[in-house]
Amino acid sequence: MRIEEELQQTRFDSEHHKAVLNILFTAGWIHTIDLSVLKPFGISPQQFNVLRILRGQHPSAVRLCDITPRMLDRMSNTARLVEKLRLKGLVSREQNMQNRREVAIAITPDGLALLKEIDAKMGEWYSHFTKISEAEAAQLNVLLDKLRGG
């Protein structure tokens, strides 16, 4: 559905204004899909992001301060997210005895198992994006990178 129909608005200040609204609306749409896929697993999209970062570094641990710059939502409270995941048994947290301010975070076998379950459902998530071709997705990536100054 076109953004004009979604927002019930026919006039925009400019194509740039329309593009910004379209990006914001689409981000919300994607977030809603994300929530619906992850809800049965009892984790948030931000917690899922932390687990994926840790899986990418497995079997090595990652310093807490190195997780935040890799997050999709950099405004997330990474320490709080990690603590929630630790309480669920999905990550472990070890304090460095030489530098008590440094904390190493690692994904647990339960965290890896949960991601494996979620991976099996990711086809459902990706199916929402097959309305555009691989070439169109590549073009969209170039445009979004350009928009952010890349």
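Please treat every number below as a calculation from the coordinates, not as lab data. Given the structure is predicted, the values throughout are model-derived calculations rather than measurements. Counting neighbours? That spans all protein chains shown, and the Cβs are built from the backbone with ideal geometry, glycine included.
Computed log10 I(q)/I(0) for segment 1-60 at 0.15, 0.30 Å⁻¹: -0.63, -1.16, from the Debye equation with unit scatterers placed on every C-alpha and solvent omitted.
Within segment 59-150, the trypsin sites (Lys or Arg not before Pro) that combine a DSSP coil assignment with at most 16 other C-beta atoms in a 10 angstrom radius are Arg74, Lys88, Arg100, Arg101, Lys131, Arg148. The residues packed around Val62, meaning those with a beta-carbon under 14 Å from its beta-carbon, carry a net charge of +3 if Lys and Arg are +1 and Asp and Glu are -1. With contacts taken as Cα pairs under 8 Å and at least 6 residues apart, the chain reaches a relative contact order of 20 percent.
Overall, segment 43-147 carries a charge dipole of about 420 debye about its Cα centre when +1 sits on the Cβ of Lys and Arg and -1 on the Cβ of Asp and Glu, all other atoms neutral. In order along segment 4-19, the Karplus-derived 3J(HN,Hα) couplings, from 6.51 cos²θ - 1.76 cosθ + 1.60 at θ = phi - 60°, round to 4, 6, 4, 8, 6, 9, 9, 10, 10, 4, 6, 5, 5, 4, 4, 5 Hz, and Gly and Pro are given as x.
Taking the C-alpha atoms only, the angle from helix 109-126 to the longest principal axis of the chain is near 10 degrees. The ranking of Ile118, Ile43, Ile132, Ile107 by Cβ neighbour count inside 10 Å, starting from the fewest, reads Ile132, Ile118, Ile43, Ile107. Close amide H contacts of Glu102 (hydrogens built in the peptide plane, cut-off under 5 Å, sequence separation of 5 or more or a different chain): Asn96. Between Gln9 and Asn77, residue separation times 0.36 nm minus the direct Cα-Cα distance comes to 20.9 nm.
Rounded to the nearest angstrom and listed largest first, the equivalent-ellipsoid semi-axes of the chain from its Cα gyration tensor are 35, 18, 14.
The amide H of Val91, built 1.01 Å from its N in the peptide plane, has Arg86, Thr108 as neighbours under 5 Å, considering only residues 5 or more places off or on other chains. Note on the chain: helix-only mean residue ellipticity at 222 nm, from DSSP H runs of 4+ residues weighted -39500 (n - 2.57) and normalised by residue number, equals -18500 deg cm²/dmol.
For segment 52-150, lysine pairs separated by 8 or more sequence positions, or belonging to different chains, with Cα-Cα distances below 24 Å total 6.
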